[in-house]
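See structure below.
The values are calculated or read from the model by the stated rules, or taken from the named source; none is laboratory data. Given the structure is predicted, the values throughout are model-derived calculations rather than measurements. Cβ placement follows ideal geometry from the backbone for every residue including glycine, while neighbour counts extend to all protein chains displayed. Just the protein is used for accessible areas: all its heavy atoms, side chains included, with ligands, DNA and RNA removed. Shrake-Rupley method; radii C 1.70, N 1.55, O 1.52, S 1.80 Å.
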Amino acid sequence: MSQVTVLVGAQWGDEGKGKVIDILTENVQYVVRYQGGNNAGHTVVIDDNKYILHLIPSGILHAKKICVIGNGVVVDPKALIEEIDFLKEKGIDVDGRLKVSDKAHVIMPYHRKLDALRELKKNGRIGTTKRGIGPCYSDKASRSGIRMGDFFDAGYFRSILEENVEEKNALFKDFYGETGFSADDIFNEYMKYFERLKQYVCDTVSLLDKAYRRGESILCEGAQGTFLDVDHGTYPYVTSSNPTAGGACIGAGIGPSRIGRVLGVVKAYTTRVGEGPFPTEFRSELKDKIREKGGEFGATTGRPRRCGWFDAVLVKNSVDINGIDSVVITKLDVLDEQDVIKICVAYKYKGDLYDCIPGLPGFLDNCEPVYEDHPGWLKDTSAITSYSDLPPNGKKYLTRIKELIGSDIMLVSVGKNRKQTFACKNA
Ligand code: GDP
Ligand code: IMO
Ligand code: MG
């Protein structure tokens, strides 16, 4: 491992980042979330225990590791307290190990309400998680947001809160015909949350800089995925942050020259939750079969995930955008029962072949995936512990993916548990 490693989702999220972060945490001292908020749902399964982390880095399950919620994350304090309490109930103490940036923006009740109302608007549906993520990042960009550090000065917090509530209430009333919020009520509610959370709030940029200078190692945990990135994703069907590797520099405050390695987590097929184009989406009964076998239901909202074939054009672009050095292929076991497995190798659009994704309206909705067919391996891979024991067609599938995406494969995952993972030097 490099001293600073960034791990990103290479598709549309839910690639299995939580499992991989948990495995890699063993080799680092710090794990840092750098963007997104509690729209994320990162699952870690240890023996018979399942943990779903939304805001706290997935490294928290390893005792003694320091877990940082960076400045680029948007924090819903109520959700954070619930997560801390959930972990404490499971016997995992976070005190002294959890650090929250004083520059992280705070999700307010009016953000959640705006998110939900915008989703009801005709033609406006993104299929968001309704956690208030987009409206909170909008306020950050328009310089009216509230940050975790602002609670240290109750008078200052109150003054910006009142300005925000006045503006948002006019929008709720005049545009949406809805009731608004009381600044008093929010002030009292949020100051109570702050009493609980203030022990964790600090200057995390300086904390990470000192750790770096001491030679300690840092793993940056991306949430969401490359094609949900507000710049590089399938806009407007994206989230409002930068899950791509560059986002780690901004959202953790770690300069680019300090980042030594970028890892991509890639599902052996493709999924997406919410609206938006998805060229390789299954149209047949495979849709339900893979969803059931892969347990493809949202870890945050429980929504059924849309499923489709592996899209090598998408992942190759992800390797390039993120500068991915190597990938972890997850959920290979989910394809065990397929006699034919397809890989999309190009898009056909108006008679031309594409290996990239131009920002033309409707391109991904209307392009036709060009597929290669691969014979399946028709064997249970979930108990396999080394690459050499994979069935030959499983090896061929991985080798072809490696060629098409132009990246080494570091690890392969064949089940939810830590042990169902093996190195993959030879693909
Ligand atoms: P994340 O958001 O990228 O952390 O991924 P999620 O936790 O939302 O979704 C991944 C799901 O797949 C979780 O339920 C994991 O327990 C599960 N999972 C991870 N790796 C594997 C694997 O190799 N095989 C199978 N069958 N399930 C896996
Ligand atoms: P993890 O980290 C999959 C999707 C939502 C919606 C879009 C915008 O678990 O991979 P938002 O609430 O962010 O404004 O919703 O982004 N989305 C995710 N899809 N995994 C996630 O996180 C996601 N976080 C947001 O479904 O399409
Ligand atoms: Mg998830």
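Hull volume per residue, based on the alpha-carbon atoms of the stretch 57-110 and their convex hull, is 76 Å³. If you plug the beta carbon distance of Glu275 and Ser142 into 1/(1 + (r/R0)^6) with R0 = 22 Å, you get a FRET efficiency near 0.35. Oblate is the label for the stretch 137-260. Its Cα gyration tensor axes, ordered a ≥ b ≥ c, give a/c of at least 1.5 and b/c at or above a/b.
Across the stretch 78-88, computed HN-Hα scalar couplings (Karplus, 6.51 cos²θ - 1.76 cosθ + 1.60, θ = phi - 60°) run 5, 5, 5, 4, 4, 6, 4, 5, 4, 5, 4 Hz from first to last residue, x flagging Gly and Pro. Between Asn188 and Ala154, residue separation times 0.36 nm minus the direct Cα-Cα distance comes to 11.2 nm.
Put a dot 7 Å past the Cα of Gln3, heading toward its Cβ, do the same for Asp320, and the two dots end up 3.2 nm apart. Helix 204-213 and the longest principal axis of the Cα set of the chain meet at an angle near 50°. Computed extension gain for Lys287 through Asp85, at 0.36 nm per residue and net of the alpha carbon distance, reaches 69.1 nm. Name the most mobile residue of Arg147, Arg214, Arg112, meaning the one with the largest mean-square fluctuation, in a Gaussian network model of the chain with Cα contacts below 10 Å. In the Gaussian network model the winner is Arg214.
With θ taken as phi - 60° and the Karplus curve 6.51 cos²θ - 1.76 cosθ + 1.60 applied, the whole-hertz 3J(HN,Hα) list for the stretch 101-111 is 5, 5, 9, 5, 7, 10, 7, 9, x, 6, 5 Hz, x standing for glycine and proline. Annotation: per residue accessible area for the stretch 122-256 equals 50 Å², rounded to a whole number [probe 1.4 Å, protein chains only]. When you filter the chymotrypsin sites (Phe, Trp or Tyr not before Pro) in the stretch 337-390 for DSSP loop state and at most 10 other Cβ atoms inside 10 Å of their Cβ, nothing is left. Measuring nothing but how far apart in sequence close Cα pairs (under 8 Å, 6+ apart) lie, relative to its length, the stretch 315-427 scores a relative contact order of 35 percent. Relative to the 2.2 N^0.38 Å rule of thumb, the stretch 105-196 has a C-alpha radius of gyration ratio of 1.09.
Averaging 1/r across all pairs of distinct Cα atoms in the chain and inverting the result yields a Kirkwood radius of 22.2 Å. When a 1.4 Å probe is rolled over the protein heavy atoms, the share of accessible surface on the chain that falls to carbon and sulfur comes to 48 percent. Computed extension length for Asp47-Asn366: 110.4 nm, one decimal, from 0.36 nm per residue of separation with the Cα-Cα distance subtracted. Helical content of the chain, expressed as a calculated mean residue ellipticity at 222 nm, amounts to -9000 deg cm²/dmol (DSSP H runs of 4 or more residues, -39,500 (n - 2.57) each, divided by residue number, nearest 500). Helix 183-197 and the longest principal axis of the Cα set of the chain meet at an angle near 60°.
Between the C-alpha center of the stretch 99-150 and that of the stretch 1-77 there is a gap of 21 Å. Distance between the modelled labels on Lys173 and Ala63, one decimal in nanometres: 5.6 nm (7 Å Cα→Cβ projection).
Ordered from highest to lowest accessible area with the whole protein assembly present and a 1.4 Å probe, His232, His111 read as His232, His111.
In the elastic network of the chain, a GNM with C-alpha springs shorter than 10 Å, the most mobile of Thr301, Thr179, Thr271 is Thr179. The loop-placed trypsin sites (Lys or Arg not before Pro) in the stretch 283-329, going by DSSP, that have at most 12 neighbouring Cβ atoms within 10 Å of their Cβ come out as Arg283. The share of Cα pairs per 10 Å bin across the stretch 300-379, counted from zero up to the longest distance, runs 14, 38, 36, 11, 0 percent.
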